[in-house]
Amino acid sequence: MANNAELPTGEAAVTIPVIQESLQIGTRTVDTGRGVRISKTVAELPFEVREILHHDEISVLHVPIDRIVAVGEAPASRYEGDTLIIPIVEEVVVVERRLRIKEELHVTTTRREEQYAETVMLKSEQVRVERFDKASDN
């Protein structure tokens, strides 16, 4: 229909424009002039290790005893200071049966120290960050 056209009833038609808005969305890359440089270095530094190490040495001494004891009186193991004494018995055939202490084992533990030194390489990292800004170049 034409604008302001007459209707068959004699009335004039009015045209009303209908408007619709549309939206366009997009992105763009903008150079801000800023940047970052990260650098990392690894340094090896010598580090000397000093420690005292312990170890035990055991010596066994056979001590002849040759003493007769009754069957139920065999001596038990015992300590004398740092020395463990272990009686060794054997049966001896005689008219009667007896235990004879043949020998004792004297076991002594001695602790010794020794110095230990070694140089080892330890790594350490350092990080440096540099910022670049065009505005600061002016």
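The values are calculated or read from the model by the stated rules, or taken from the named source; none is laboratory data. Here the structure is a predicted model, which means the values were calculated and not measured. All Cβ positions, glycine included, derive from the backbone under ideal geometry; neighbour counts span all protein chains shown.
What pairs come up if the first residue lies in segment 117-138 and is assigned to a strand (DSSP E or B), the second is of a type in the set (Ser, Thr, Tyr) and modelled with pLDDT of 80 or more, and their beta carbons are under 7 Å apart, counting only those six or more places apart or on different chains?
GLN126/THR41; ARG128/SER39
Does ILE16 satisfy the criteria of being in a loop (DSSP other than H, G, I, E, B), out of contact with any helix residue (DSSP H, G or I) (no Cβ under 6 Å at 6 or more places or on another chain) and either among the aliphatic types (A, V, I, L, M) or surrounded by 10 or more Cβ atoms within 10 Å (Cβ to Cβ) (or both)?
Here the answer is yes, as ILE16 does meet what is asked.
Pick from segment 19-65 the residues that are of a type in the set (S, T, N, Q) and either touching a Ser or Thr at 6+ places or on another chain (Cβ under 7 Å) or assigned to a strand (DSSP E or B) (or both): which of them is nearest to THR110 (Cα to Cα)?
Taking the candidates together, the pick is SER59.
Looking for something modelled with pLDDT of 90 or more, under 30 Å from GLU114 (Cβ atoms) and touching a Pro at 6+ places or on another chain (Cβ under 9 Å) - is there at least one such residue anywhere in segment 83-92?
yes
Just to be sure before I move on: is PRO87 in a strand (DSSP E or B), free of Cβ contacts under 8 Å to residues at least 40 places away in the same chain, surrounded by 10 or more Cβ atoms within 10 Å (Cβ to Cβ) and in contact with a strand residue (DSSP E or B) (Cβ under 6 Å, 6 or more places away or on another chain) in the structure I sent?
Judged against the criteria, PRO87 is a match.
Inside segment 66-80, can you point out the residues that are β-branched (Val, Ile, Thr) and either outside any strand (DSSP E or B) or over 30 Å from VAL95 (Cβ atoms) (or both)?
VAL71
Output the number of the condition that ARG50 fails; it satisfies all remaining conditions of (1) touching a residue at least 40 places away in the same chain (Cβ under 8 Å); (2) over 58 Å from the mean Cα position of the chain (by Cα).
The one condition ARG50 does not meet is (2).
Go through (1) of a type outside the set (Phe, Trp, Tyr); (2) surrounded by fewer than 10 Cβ atoms within 10 Å (Cβ to Cβ); (3) touching a residue at least 60 places away in the same chain (Cβ under 8 Å) for ARG34 and report which single condition fails.
Only one criterion is unmet by ARG34, namely (2).
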